[in-house]
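The next block holds one structure in the form of structure tokens; read it before the comments.
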Amino acid sequence: MYFLIFILGGWSYALIEILYRGYTFKSMFFLGGLVMITFYILCPDLIKMNLLIASLIGAGIITFYEFLSGLILNLWLGRNIWDYSSLHGNILGQICPQFSFCWFLLCFAFFSMVKYIYRII
């Protein structure tokens, strides 16, 4: 089951990036898989929470993983996959409030759907 969840998360994350900027990197597939596995593990707790709180936690998880990935891939390995240094409020060019807010909105939609599905099952 974890493998399927990982694949779903990887493809979803890559698709979001392709829709946003027209391309993606293999490493983003793995990042998406890791995010989705984390959400899957935390899901029993997250669906019991207020939707806004769950979405904030979800956005925080994604932002944290993006920051760690950025430190490793962009700063340490020099891959230059993304650079948010031109955006206000960025941290080391790897994360910024603007994209964290986008992750919040996506988490809000995602957790709304998950909560709905849990109610009808």
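Structure above, values below:
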item: Overall form of the range 1-104 per C-alpha gyration tensor (a/c, 1.5; a/b vs b/c); result: oblate
item: Contact order normalised by residue count of the range 10-121, Cα under 8 Å, 6+ apart, percent; result: 24 percent
item: Accessible surface of SER12 - all protein chains present, 1.4 Å probe, nearest 10 Å²; result: 40 Å²
item: Fluctuation leader among TYR84, TYR13, TYR23 - the chain, Gaussian network, Cα springs under 10 angstrom; result: TYR23
item: Expected 222 nm ellipticity per residue - DSSP helices of 4 or more, -39500 (n - 2.57), all of the chain, to 500; result: -24000 deg cm²/dmol
item: Between helix 97-120 and the chain: long-axis angle, C-alpha atoms, 0 to 90°, nearest 10; result: 20 degrees
item: Exposure ranking of THR24, THR63 by accessible area [1.4 Å probe, largest first]; result: THR24, THR63
item: Residue with peak Gaussian network fluctuation, the chain [Cα springs, cutoff 10 Å], from GLY70, GLY89, GLY33; result: GLY89
item: For ASP83, solvent-accessible area (1.4 Å; no DNA, RNA or ligand), Å²; result: 100 Å²
item: Lys/Arg +1, Asp/Glu -1 at C-beta; the chain dipole; positive extreme among PHE3, THR38, LEU15; result: PHE3
item: About the Cα centre, charge dipole magnitude for the chain (Lys/Arg +1, Asp/Glu -1 at Cβ), debye; result: 200 debye
item: Accessible-area ranking of MET113, MET49, largest first, probe 1.4 Å; result: MET113, MET49
item: Extension reserve of the ASN80-TYR20 stretch, reckoned as 0.36 nm per residue once the Cα distance is removed; result: 19.9 nm
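The values are calculated or read from the model by the stated rules, or taken from the named source; none is laboratory data. All of these numbers come straight from a predicted model, not from anything done at the bench. Note: ideal-geometry Cβ built from the backbone for every residue, glycine included; neighbour counts use all protein chains shown. Please note that ligands, DNA and RNA were not included when accessible areas were found on the heavy atoms of the full protein model with its side chains. Shrake-Rupley method; radii C 1.70, N 1.55, O 1.52, S 1.80 Å.
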